[in-house]
Amino acid sequence: MKLEDIKVCVMRVGGTNCDAETARAFQELGVKAEVVHVNEFVERKSLLDYSVLVFPGGFSFGDYVRSGVMFARHLSAKMGREIEIFVDEGRPILGICNGFQILVEFGLLPGFEGMSTYPEATLTTNEPAGFRCEWIYLRQENRGKCAFTSKIPHGKVLRMPIAHGEGRWLFPKEKEQALLERLVDLDMLVFRYCDKEGKAADGKYPQNPNGSFFDIAGICNPEGNIFGLMPHPERAMYWWQQPDWTRQTQLLQYGDGKLIFQSIIDKLTKKC
């Protein structure tokens, strides 16, 4: 696929945020990206006109009931068949923060056996409880399957911000060890919370800011084309977005978030 042929849809509803920033990140790298309200697909647009689908952060539909569930059920009812085709064709899907929650609630992640009819995991209330808005460190754990991290070396430590109240990844307690082993064996584990040196947080706050099981911050599906993460790469696209940028010497134009957007673009244009 040529760069100019890539078309990204950033889907939004009431309560979505950072949609414009997410589209801008893709546009910065030379591809077409637009923010589209879900109602436009119901009335006049086709999801299959797009190469990449992105669910950005925010609090879709106010996150009533639990985070992401209302948007997921709305999509299932109104666009279920289109999304099934999109997934069956192997087109990339990215879920950021609330978008990650939506992918889990829809049954697209973890997706051990493909799209599930019910959630196989949950992203629930932070522990300690409370909204977290801060910069954290992540370690890249994927061994090559995830299309959105193909430009990030295994073991690399990244710095990005989080902004969520329900980001704690949990598997069903009675299955958590077996499902974790499967996640690792299938190379679906992508990001884990860590300290500045890359040492795993081991569940300890504040390195693990929400109490996620096994410090999980991002995973992909078995095919590697669907990826969800709690941190916001679009808020770490440029060097000047970092909280301490005025105390740093400018070394690079971009921040670590760019690597995620660049990875999927390079995959689609077969540059990696």
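With Leu252, Leu259 as the choices, which residue is aliphatic (A, V, I, L, M) and at pLDDT 95 or above?
On the way: Leu252 fails: at pLDDT 95 or above.
Testing whether each residue is aliphatic (A, V, I, L, M) and at pLDDT 95 or above leaves just Leu259.
Could we say that Ala201 is more than 17 Å from the chain's Cα centre (by Cα) and small (Gly, Ala, Ser) here? Walk me through how you get there before you give the answer.
Working: more than 17 Å from the chain's Cα centre (by Cα): yes; small (Gly, Ala, Ser): yes.
In short, yes.
Which condition from (1) assigned to a helix (DSSP H, G or I); (2) touching a Leu at 6+ places or on another chain (Cβ under 9 Å); (3) not hydrophobic (A, V, I, L, M, F, W, C) is the one that Lys267 breaks?
Single failed check for Lys267: (2).
Looking only at the range 103-120, decide whether some residue is surrounded by fewer than 21 Cβ atoms within 10 Å (Cβ to Cβ), over 19 Å from Ile226 (Cβ atoms) and of a type in the set (Asp, Glu).
Taking every residue of the range 103-120 in turn, none turns out to be surrounded by fewer than 21 Cβ atoms within 10 Å (Cβ to Cβ), over 19 Å from Ile226 (Cβ atoms) and of a type in the set (Asp, Glu).
Quick check on this structure: which one of Gln241, Gln207 is of a type outside the set (Gly, Ala, Ser), at pLDDT below 95 and crowded, with 17+ Cβ neighbours inside 10 Å? Can you show your working first?
Numbers: Gln207 fails: at pLDDT below 95.
Testing whether each residue is of a type outside the set (Gly, Ala, Ser), at pLDDT below 95 and crowded, with 17+ Cβ neighbours inside 10 Å leaves just Gln241.
Based on what the data block shows, is Ile260 of a type outside the set (Phe, Trp, Tyr), part of a helix (DSSP H, G or I), in contact (Cβ under 8 Å) with a residue 24 or more places away in the chain and surrounded by 21 or more Cβ atoms within 10 Å (Cβ to Cβ)?
Considered against the rule, which asks whether it is of a type outside the set (Phe, Trp, Tyr), part of a helix (DSSP H, G or I), in contact (Cβ under 8 Å) with a residue 24 or more places away in the chain and surrounded by 21 or more Cβ atoms within 10 Å (Cβ to Cβ), Ile260 comes out as yes.
Being under 19 Å from the mean Cα position of the chain (by Cα) and among the aromatic types (Phe, Trp, Tyr) is the filter; apply it to the range 216-253 and report the residue that is nearest to Glu113 (Cα to Cα).
Among those that are under 19 Å from the mean Cα position of the chain (by Cα) and among the aromatic types (Phe, Trp, Tyr), it is Phe227.
The values are calculated or read from the model by the stated rules, or taken from the named source; none is laboratory data. Quick caveat, the model's predicted, so the values are computed rather than measured. Cβ: placed from backbone, ideal geometry, glycine included. Neighbour counts: every protein chain shown.
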